[in-house]
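Participant: Quick one: the structure is below, questions incoming.
Read-outs throughout are calculated quantities, based only on the coordinates presented, and are distinct from any laboratory measurement. Values in this document were obtained by computation on a predicted structure and should not be read as measured data. All Cβ positions, glycine included, derive from the backbone under ideal geometry; neighbour counts span all protein chains shown.
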2 protein chains.
Amino acid sequence: MSKALTAMLDDAWARIEAGTATADAPMRTCVLATVGQSGGARARTVVLRRADRPAATLEIHTDTASDKVAEIAAEPRGTVLFWDAGDMVQIRAEVRLSCRDGRPEEWDRIPSGSRRAYGGTPPPGAPLTAPEAHDPTPDPARFAVLTARIDRLEILHLGSAPHKRAVFDATNGFAGRWIAP
Amino acid sequence: MSKALTAMLDDAWARIEAGTATADAPMRTCVLATVGQSGGARARTVVLRRADRPAATLEIHTDTASDKVAEIAAEPRGTVLFWDAGDMVQIRAEVRLSCRDGRPEEWDRIPSGSRRAYGGTPPPGAPLTAPEAHDPTPDPARFAVLTARIDRLEILHLGSAPHKRAVFDATNGFAGRWIAP
């Protein structure tokens, strides 16, 4: 792989890893796109919790009762999308998603103020008479980890001239190639 | 509809409309999620070009040769996702997408420096030997407008306590209801 492609891939992973380490990093949040249970594409903003370059995986935390858990059980192929508006860099990860129970040591690391994202009565999406009618009591049994295994990374740099766009496929060890932007 | 729900919907449209008017508005960019031609969800960052609340439509410009045009021809149901990281406000629009040719007067309004997004040889996604091998000459015949007709708006406010989440459906005139966050 050319030095320029290697540098582009290294830069993308550095940005992703910064997202897992720094609260105000541009790639702290990303978008998880899935296929809805009745078809069509769905998307929501999520927080990137972990990234493992050697394993080519990303991790996101979720409530087991959320729509996305049911959606990926039916169709695991989705996209995790990162966008750095300042640098005009987009990273699209085409992924296969799976869901497992969160481990007690993972739960212990979640700040108490953030645990309300897992649990709550009624469950996400259920009707409420008013926002105050929701009981946000956390439930560790509803804490789950989504693992996104990367099949393809597509990286787009719009901040440079010429624009640069490259794809890196898992099937050939993430060797990259340039494509038209 | 309660005043609080009306206020939430009005606020969402004000944010969306600001996105069409102000270059640095948080909702100037959004994510368009579609279903890939071989299945699975795809997503990319796009610029919001126009919003029409009475018609419940959003507009995005595209190159006719981009993957998303072929994808929506096969599956028009997608999501347009907005996220304001400062205010912790998310707007998810479940939409039906269609594509039409751009009009000459629309082309004329595009700054010359931005026209390279429509056209270019080879077309988006085609192999390149290097980024410099791409000829970005614009082509008005490749300029198209995606119209996203909103079936449902889901609005989430995470910056307030309690969190607020509501859905507004086109089928009942965008009357809203609260749901669990």
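Participant: Is there a simple number for the mean count of other chain Cβ atoms within 10 Å of the Cβ of residues in A:42-49, and what is it? Please list the in-between numbers first.
Facilitator: Values: counts 10, 16, 9, 11, 0, 0, 0, 0.
Mean partner-chain Cβ count within 10 Å for A:42-49: 6.
Participant: Kindly flag which residue pairs out of A:Lys68/A:Lys164; A:Lys164/B:Lys68; A:Lys164/B:Lys164 have an alpha-carbon separation exceeding 30 Å in this structure. Provide the component values of the computation, followed by the final result.
Facilitator: Numbers: A:Lys68/A:Lys164 32 Å; A:Lys164/B:Lys68 19 Å; A:Lys164/B:Lys164 40 Å.
Pairs exceeding the cut-off: A:Lys68/A:Lys164; A:Lys164/B:Lys164.
Participant: If the viscosity is 0.692 mPa s and the temperature 37 °C, what translational diffusion coefficient in µm²/s does Stokes-Einstein give for the range A:1-151 when Rh comes from Kirkwood over Cα pairs?
Facilitator: For these conditions, the coefficient is 199 µm²/s.
Participant: Can you list, shortest first and in nm, the gaps between the label point of A:Asp169 and those of its counterparts in the other copies, using a point 7 Å from Cα in the C-beta direction?
Facilitator: Here the equivalent label points are 4.3 nm apart from this one.
Participant: If we hang a label 7 Å off Cα along the beta carbon direction at A:Ala25, how far is it from the matching labels on the other copies, in nm, shortest first?
Facilitator: For A:Ala25, the other copies' label points sit at 3.1 nm, shortest first.
Participant: Any number yet on Rg/Rh for the protein assembly as shown, C-alpha, Kirkwood?
Facilitator: Values: Rg = 20.2 Å, Rh = 21.1 Å.
With Rg and the Kirkwood Rh in hand, the quotient comes to 0.96.
Participant: So what are the ³J(HN,Hα) numbers for the range A:156-164, from phi and the Karplus equation (6.51, -1.76, 1.60; θ = phi - 60°), rounded to whole Hz, Gly and Pro as x?
Facilitator: Each residue's phi maps through the Karplus curve to give 10, 10, 9, x, 10, 10, x, 4, 10 Hz.
Participant: Using only the Cα atoms of the range B:33-120, construct the convex hull and provide its projected area averaged over every direction, in square nanometres to one decimal.
Facilitator: Taking a quarter of the hull surface, the average projection is 7.2 nm².
Participant: At most 16 other Cβ atoms within 10 Å and a DSSP loop assignment: could you name the trypsin sites (Lys or Arg not before Pro) in the range B:63-171 that fit? Walk me through the numbers before you get to the answer.
Facilitator: Working: sites: B:Lys68, B:Arg77, B:Arg92, B:Arg96, B:Arg100, B:Arg109, B:Arg115, B:Arg116, B:Arg142, B:Arg149, B:Arg152, B:Lys164, B:Arg165; in loops: B:Arg109.
Those satisfying the criteria are B:Arg109.
Participant: What does the average come to when, for each residue of peptide B:156-163, you count the partner chain Cβ atoms lying within 10 Å of its Cβ? Before the final figure, lay out each step's value.
Facilitator: Values: counts 2, 1, 2, 0, 1, 4, 9, 6.
That average works out to 3.
Participant: Separate question: One decimal, nm, shortest first: give the distances between the label point of A:Thr121 and those of the same position in the other copies, each label point 7 Å from Cα along Cα→Cβ.
Facilitator: For A:Thr121, the inter-copy label distances come out at 6.8 nm.
Participant: Once you have the alpha carbon radius of gyration of the range B:64-165, what is it after dividing by 2.2 N^0.38 Å, with N set to its residue count?
Facilitator: Working it through for the range B:64-165, the quotient is 1.40.
Participant: Compute the separation of the alpha-carbon centres of the range A:70-99 and the range B:50-107 and state it in Å as a whole number.
Facilitator: A separation of 19 Å, based on Cα centres.
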